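Written below as structure tokens is the structure these notes are about.
The values are calculated or read from the model by the stated rules, or taken from the named source; none is laboratory data. On a predicted model such as this, the values are computed, not experimentally measured, just so you know. Cβ: placed from backbone, ideal geometry, glycine included. Neighbour counts: every protein chain shown. What goes into the accessible areas is simple: the full protein's heavy atoms, side chains included, and nothing from ligands, DNA or RNA. Shrake-Rupley method; radii C 1.70, N 1.55, O 1.52, S 1.80 Å.
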Amino acid sequence: MRKNLLFVFVALFFTGALAQTKPSMDLIPVPAKIKTNSGQFTINSNTRIVLSSNTPEMQNAVAVLNGLLRSAAGFRLEITETPATSNAIVCKLNASVSNKEGYRLSVQKELITLEAQTPQGIFYGMQTLRQLLPFQIERSYLSNVLWRIPCVEIEDAPRFAYRGLMLDVARHFHSKEFVMKFIDMLAYHKMNRFHWHLTDDQGWRIEIKKYPNLTETGAYRNRTLEGRYTVPEKRKWNNTRYGGYYTQEDIKEVLAYAQKRFVTVVPEIEMPGHAVAALTAYPQLSCTGGPFEVEGLWGVFNDIYCPKEETFQFLENVLSEVADLFPSQYIHIGGDEAPKLRWKNCAHCQALIKKEGLKDEHELQSYFIKRIEKFVKSKGKRIIGWDEILEGGLAPNATVMSWRGESGGIDAAKQNHDVIMTPNTYVYLDYFQANPKTEPLSIGGYLPLWKVYSYNPMPASLNQDEAKHILGIQGNIWTEYITTTSHVEYMAFPRGAAIAETGWSPNEKKNYADFKERMIRQFKRYDGVGWNYCKAILTEEE
Ligand code: ACM
Ligand code: ZN
């Protein structure tokens, strides 16, 4: 009896000790397959990075981690093509890795081997190594840290090809430096799309060489609503002139930065609605002729582009510059929230409806988008539109972003169109994420972390062929009430990490309790990056 008890104590002691030495796995998104082994690899100043091919893309794939090592550990790893069997991180392109973004990572005591079909896969493997390193890797001072990586075998690949966040820089403008920091955070979480909402009623934010007035006039507003949106008599205004825009040189800098992190930037130029800033600069493109003022109020406005030849010429010129600037296959052309009041009362619009044999103003919007789609196609690109572009008939090759819930996405997939799920019922990151009484002012809604995490972008009602059209998931950050960068960060994470895991990890690997634990451990890393975030889960009830 005594002997048995002793045995139990000894066994308990050892399992306890083992639990303590088990490496803490913070990985977000959680990998498809992971096996942990005993032991660890230690990076030191003699560790080398061996590249199977020393191309610029492969150098990009390893540059982020190497840069972090330089600032956190004080050394940068030598990059070489000379094979190594110890103290090296060997990165090899290998066509047998089936997914273009996937990777295989083997961390052994003597050697790390990372294989992928593409440099992008190598980049994601490096992001995994980054998260396997002690959290001090995100800090920028020398310290006495042992740069140890637990021995693991990982096979990993994304569930969806499109994994992104949108940032609205029209309602509140954010600098190119912040946009780069935002892109860093996307890449950290293995997201690959940054949707840049560049134009809206409250500001036009991209330099267009042919139309300088778009930014001279359209990038600035004379007043901004203060506080909550209320009835007109109760509105308060901040009368400080507000605005800003990116020059094409700024945009090129951001694009180069994003490219090095394997993030595709999808620009959005809104039409036919959300166009008051453009119409303020060029009122002749409206139905009434104006005059207009760049909006300081939030919402949906009646003045939209009038579908005249002059307007199409203007939009084609704008889109030509945008297409030349952005390498993205996609250009987002908006399409949401375009009231038809002006078109109903416009002689030109009504004559066009008759001439083209259209049924109503919805079909006129469809005519508008189809014309634009044809032009964008002639530039070798494709359009994405918000789900209103379904109304009156979809343009032939349009991809749909489903924002008013999932029904638009389901409809589009059933019509054999590609879809990105971004429903306001799950992934609108401008909504409250905790008790509104103690949170900063927000546009409304309530999407706590668990709710965002619970989302599955694959609707059960689609058959196998239709399901192939669901390209992925995106969270949206509209900035009516988000004026500072630290507030953007606060709204974006940790909910953006939940979206990243939904986009990347196999659905059967998702588990909120486990995610929450990993997330809380990740906070130290966000602190290191200098990234603000919402801490509501620290006090969340189970
Ligand atoms: C949207 O939220 N209006 C796309
Ligand atoms: Zn008109």
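Just to be sure I understand, how many residues within region 386-422 are more than 11 Å from ligand 1 (Cβ to nearest atom), polar (S, T, N, Q) and either crowded, with 24+ Cβ neighbours inside 10 Å or not in a helix (DSSP H, G or I) (or both)?
Qualifying residue count for the region: 4.
Checking the condition touching a Leu at 6+ places or on another chain (Cβ under 6 Å) and not aromatic (Phe, Trp, Tyr), which residue from 443, 477, 473 passes? Quick ask: steps written out before the conclusion?
Details: 443 fails: touching a Leu at 6+ places or on another chain (Cβ under 6 Å); 473 fails: touching a Leu at 6+ places or on another chain (Cβ under 6 Å).
Criteria check complete, one pass: 477.
Are any residues in region 449-502 in contact with a Pro (Cβ under 7 Å, 6 or more places away or on another chain) and either part of a helix (DSSP H, G or I) or more than 15 Å from residue 419 (Cα to Cα) (or both), and if so, which ones?
If the condition is that a residue be in contact with a Pro (Cβ under 7 Å, 6 or more places away or on another chain) and either part of a helix (DSSP H, G or I) or more than 15 Å from residue 419 (Cα to Cα) (or both), then 449, 487, 500, 501, 502 are the ones that fit.
Which residue, of 438, 425, is at pLDDT below 95, part of a loop (DSSP other than H, G, I, E, B) and not basic (Lys, Arg)? Step through it out loud before you land on a result.
Values: 425 fails: at pLDDT below 95.
The conditions single out 438.
Restricting the first residue to region 333-358 and requiring it to be closer than 25 Å to residue 199 by Cα and among the aromatic types (Phe, Trp, Tyr), which pairs with a second residue that is within 16 Å of ligand 1 (Cβ to nearest atom) and open to solvent by less than 30 Å² (accessible area, probe 1.4 Å) meet a Cβ separation below 8 Å and a spacing of at least six or different chains?
Close Cβ pairs (under 8 Å, with a partner that is within 16 Å of ligand 1 (Cβ to nearest atom) and open to solvent by less than 30 Å² (accessible area, probe 1.4 Å)) amount to 343/304.
State whether one or more residues within region 204-211 are out of contact with any Gly (no Cβ under 9 Å at 6 or more places or on another chain), under 30 Å from residue 124 (Cβ atoms) and either in a strand (DSSP E or B) or away from ligand 1 (no atom under 16 Å from the Cβ) (or both).
Yes.
Considering only region 423-466, state which residues are aromatic (Phe, Trp, Tyr) and open to solvent by less than 70 Å² (accessible area, probe 1.4 Å). Full working, then the answer.
First, pick out the residues of region 423-466 that are aromatic (Phe, Trp, Tyr): 426, 428, 431-432, 446, 450, 453, 455.
Of everything in region 423-466, those that are aromatic (Phe, Trp, Tyr) and open to solvent by less than 70 Å² (accessible area, probe 1.4 Å) turn out to be 426, 428, 431, 432, 453, 455.
Output the residues belonging to region 247-284 that are free of Cβ contacts under 8 Å to residues at least 60 places away in the same chain and either buried (at least 23 other Cβ atoms within 10 Å of the Cβ) or of a type in the set (Phe, Trp, Tyr) (or both). Write out each step before concluding.
Step one: filter region 247-284 for residues free of Cβ contacts under 8 Å to residues at least 60 places away in the same chain, giving 247, 249, 256, 279, 283-284.
Within region 247-284, 279 is the sole residue that qualifies.
Could you pull out every one of the helices (runs of 4 or more DSSP H) wholly within region 296-384 that has 3 or more residues that are buried (at least 18 other Cβ atoms within 10 Å of the Cβ)?
Numbers: elements: 309-325, 341-344, 347-355, 361-378.
Qualifying helices (runs of 4 or more DSSP H): 309-325, 347-355, 361-378.
Against the condition within 11 Å of ligand 2 (Cβ to nearest atom), within 27 Å of the chain's Cα centre (by Cα) and at negative phi, how does residue 307 come out, does it pass? Give the derivation first.
Details: within 11 Å of ligand 2 (Cβ to nearest atom): yes; within 27 Å of the chain's Cα centre (by Cα): no; at negative phi: yes.
It is false that residue 307 is within 11 Å of ligand 2 (Cβ to nearest atom), within 27 Å of the chain's Cα centre (by Cα) and at negative phi.
Among the numbered conditions (1) assigned to a helix (DSSP H, G or I); (2) out of contact with any helix residue (DSSP H, G or I) (no Cβ under 6 Å at 6 or more places or on another chain), tell me where residue 524 comes up short.
(2)
Within region 324-342, identify whether any single residue is within 14 Å of ligand 2 (Cβ to nearest atom), touching a His at 6+ places or on another chain (Cβ under 9 Å) and not β-branched (Val, Ile, Thr), and answer yes or no. Steps first, answer last, please.
Of all residues in region 324-342, those within 14 Å of ligand 2 (Cβ to nearest atom) come to 338-342.
Restricting the remaining residues to those that are touching a His at 6+ places or on another chain (Cβ under 9 Å) gives 338, 340.
Pick out the ones that are also not β-branched (Val, Ile, Thr) and you get 338, 340.
Within region 324-342, one or more residues are within 14 Å of ligand 2 (Cβ to nearest atom), touching a His at 6+ places or on another chain (Cβ under 9 Å) and not β-branched (Val, Ile, Thr).
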